[in-house]
Amino acid sequence: MGTLITSVISGDVPQAVTTEVCGLLRSLEERLTVNGPPSARIKSQVNAINECSGITAVTADSEVYRIVRKAVTASREYRNSFNALIGPVVKSWGIGFDSPRLPSDAEISELLTLTDPFEVELNDEASTVKLLKKGMQLDLGAIAKGYAADLAAKVYNNHGVNQGLIDLGGNVLAMGGSDRAADGLWRIGIQSPFKPRGTSLGTLALRDCSAVTSGIYERSFEKDGKHYHHMINPATGYPFETDIASVTVIAATSTIADLWTTILQSGGLAQSHYKAENESGIEAVFVTKERLVLPTSGIRDVFTHTDNDYKLISHP
Ligand code: AMP
Ligand code: MG
């Protein structure tokens, strides 16, 4: 999944459980990936869906179908911020890959015609997916890690392992509480967008939920002095341009948290903060390019600000 995955589990975990979790994560990556050489995509059901666009429906297994369905229905609802049909545009930018490039305006507008989330046929009975136009491509990059974390937690839970911290490169799932702190809460650091990886600007004290961060610092490239990052505005085909540097979303499941990190990239601080405050089950910490830090009201009490290079504010 292009990241280092760590899981910290309280107490003893049978090796067989660890092996099962690792196997599940590998197999999920193989089944979902749309990146890498053809040999890396051979088992990818999402790749098969993409290659059959405009031709035929493809059968997905239940785990793959569930995430595709979630991604497509969320895209219909939030299409100007989250759109998993953005694949052709993401591919043409190539951000995060060997040779990122700046596509022409004409190329982008052409590719945007292949991103309509309503031009997808989902068949719940048959568990099939068809992209109606040739050249359409699903890209689950914005929620796959969240889904993977949820499924990994499920494997642990099935074996009676209920306490731990699963971290897929900034996509953190807190299973149960922590036995390391007297209050039973896990301490989860929020990456400072402008400092080396591993430097946090504050911590969240949480249990039984997921905290996922997306930032413009993660994957990007520069051309002619301009910074282009990996989160694309589905309305324009260009990276989102707002005052937000990163968003951390806290939700009950990692899939939802991951989804919302992308939804909250559009619109800028004032609008996205308002959206997060008004969405039940969603809390967030916003960090702006001007180094302001704004948590939503529901988590203000569990957020500890630790870096004075950032200014904590209480409203936009
Ligand atoms: P995340 O790592 O959650 O920030 O998701 C970013 C990844 O999702 C990108 O690398 C793309 O593969 C994909 N992506 C980019 N922009 C969007 C978007 N607006 N909606 C859905 N997926 C996107
Ligand atoms: Mg995301």
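Observations, loosely collected:
- Selection status of Ile143, among the β-branched types (Val, Ile, Thr) and closer than 21 Å to Glu29 by Cα: yes
- When residues of region 100-136 are limited to those that are of a type in the set (Gly, Ala, Ser) and free of Cβ contacts under 8 Å to residues at least 24 places away in the same chain, the one surrounded by the fewest Cβ atoms within 10 Å (Cβ to Cβ): Ala106
- Taken together, Gly184, Gly177, Gly189, Gly237 contain a single residue that is at pLDDT 95 or above, within 18 Å of Leu102 (Cβ to Cβ) and not hydroxyl-bearing (Ser, Thr, Tyr), which is Gly237.
- Unique residue being within 15 Å of ligand 2 (Cβ to nearest atom) and surrounded by fewer than 20 Cβ atoms within 10 Å (Cβ to Cβ) when the list is Gly141, Gly169: Gly169
- Filter pass, Leu201 being over 20 Å from the mean Cα position of the chain (by Cα), in a strand (DSSP E or B) and more than 22 Å from Ala71 (Cα to Cα): yes
- With respect to the stated conditions, Phe97 is near ligand 1 (Cβ under 10 Å from one of its atoms) and assigned to a loop (DSSP other than H, G, I, E, B).
- Check on Ser81, surrounded by fewer than 15 Cβ atoms within 10 Å (Cβ to Cβ) and of a type in the set (Ser, Thr, Tyr): no
- Meets criteria (out of contact with any helix residue (DSSP H, G or I) (no Cβ under 9 Å at 6 or more places or on another chain), farther than 20 Å from Ala257 by Cα and not β-branched (Val, Ile, Thr)) for Arg180: yes
- Per-region count, region 102-136, residues at pLDDT below 95 and within 15 Å of ligand 1 (Cβ to nearest atom): 1
- Filtering region 250-267 to residues that are polar (S, T, N, Q) and either within 9 Å of ligand 2 (Cβ to nearest atom) or over 7 Å from Ser210 (Cβ atoms) (or both) leaves Thr255, Thr261, Thr262, Gln265, Ser266.
- Near pairs, Cβ below 6 angstrom, 6+ apart or cross-chain, from region 137-153 (farther than 18 Å from Val89 by Cα and within 12 Å of ligand 1 (Cβ to nearest atom)) to any residue that is in a loop (DSSP other than H, G, I, E, B) and not acidic (Asp, Glu): Lys145/Met1
- Residue count for region 193-205 satisfying the condition of being at pLDDT below 95 and buried (at least 20 other Cβ atoms within 10 Å of the Cβ): 1.
The values are calculated or read from the model by the stated rules, or taken from the named source; none is laboratory data. Predicted, not measured: the structure shown is a model, and the values here were computed from it. Heads up, the Cβs are rebuilt from the backbone with ideal geometry, glycines too, and the neighbour counts pull from every protein chain shown.
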